[in-house]
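Heads up: the structure comes next, in structure tokens.
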Amino acid sequence: MALEIKKCMAEFLGSFILVLAVAMMAAATGNVFIVALTNGIALLAAIFITLRISGAQITPVVTLALILAEKEEPARGVSFIVSQLIGGLAASCSSCSAATPSLAFLR
């Protein structure tokens, strides 16, 4: 039970890192190249953090594909998807609250 919670928290954290980094960079610069580069770096960081804990699925699409390919148990997959969605939602709320006019000096 504790191991499953640890895996769900890892998926939450991975999704949170990915969405927060990309959303903040998009709000700060708006440059497509910089946002794409940030996406790659954030994904790399999220994979390194979550790989040994939960398998680094990071996004609900990857988890759904693994469920459909029968590589992931459906119950665990659904808990991962819920964790990833909550992580993305938390990151988007954090980035919206942090992306205030004070970031305008970065443009």
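Each reported figure results from applying straightforward, stated rules to the coordinates on display, with no laboratory input. All figures in this text were calculated on a predicted structure; none of them were measured in a lab. Ideal geometry is used to build each Cβ from the backbone, glycine not excepted, and the neighbour counts take in all protein chains shown.
Order these peptides, 25-33, 13-21, by their mean beta-carbon neighbour count within 10 angstrom, highest first.
Peptide ranking by packing, descending: 13-21, 25-33.
May I ask for the angle, rounded to the nearest 10°, between helix 74-98 and the longest principal axis of the chain, with both axes built from Cα atoms and the value confined to 0 to 90°?
Tilt of helix 74-98: around 10 degrees.
Over region 4-54, one equal point on each Cα, no solvent: what is log10 I(q)/I(0) by the Debye formula at q = 0.14, 0.19, 0.21, 0.27 Å⁻¹?
Normalising to I(0) and taking log10 leaves -0.36, -0.58, -0.67, -0.90.
What are the trypsin sites (Lys or Arg not before Pro) within region 1-91 that DSSP puts in a loop, where the Cβ has at most 15 other Cβ atoms within 10 Å?
For trypsin sites (Lys or Arg not before Pro) across region 1-91 that sit outside H, G, I, E and B with at most 15 neighbouring Cβ atoms in 10 Å, the list reads Lys71.
Return the inverse of the average 1/r over all pairs of distinct C-alpha atoms in the chain, which is the Kirkwood hydrodynamic radius, in Å to one decimal.
Evaluated on the chain, it is 14.3 Å.
Quick one: length gained pulling Ala98 to Phe33 fully straight, 0.36 nm per residue minus the C-alpha distance?
Stretched fully, the Ala98-Phe33 segment lengthens by 21.2 nm.
Which value, in debye to the nearest 20, gives the size of the charge dipole of region 2-97 about its Cα centre, when Lys and Arg are +1 and Asp and Glu are -1 at the Cβ?
160
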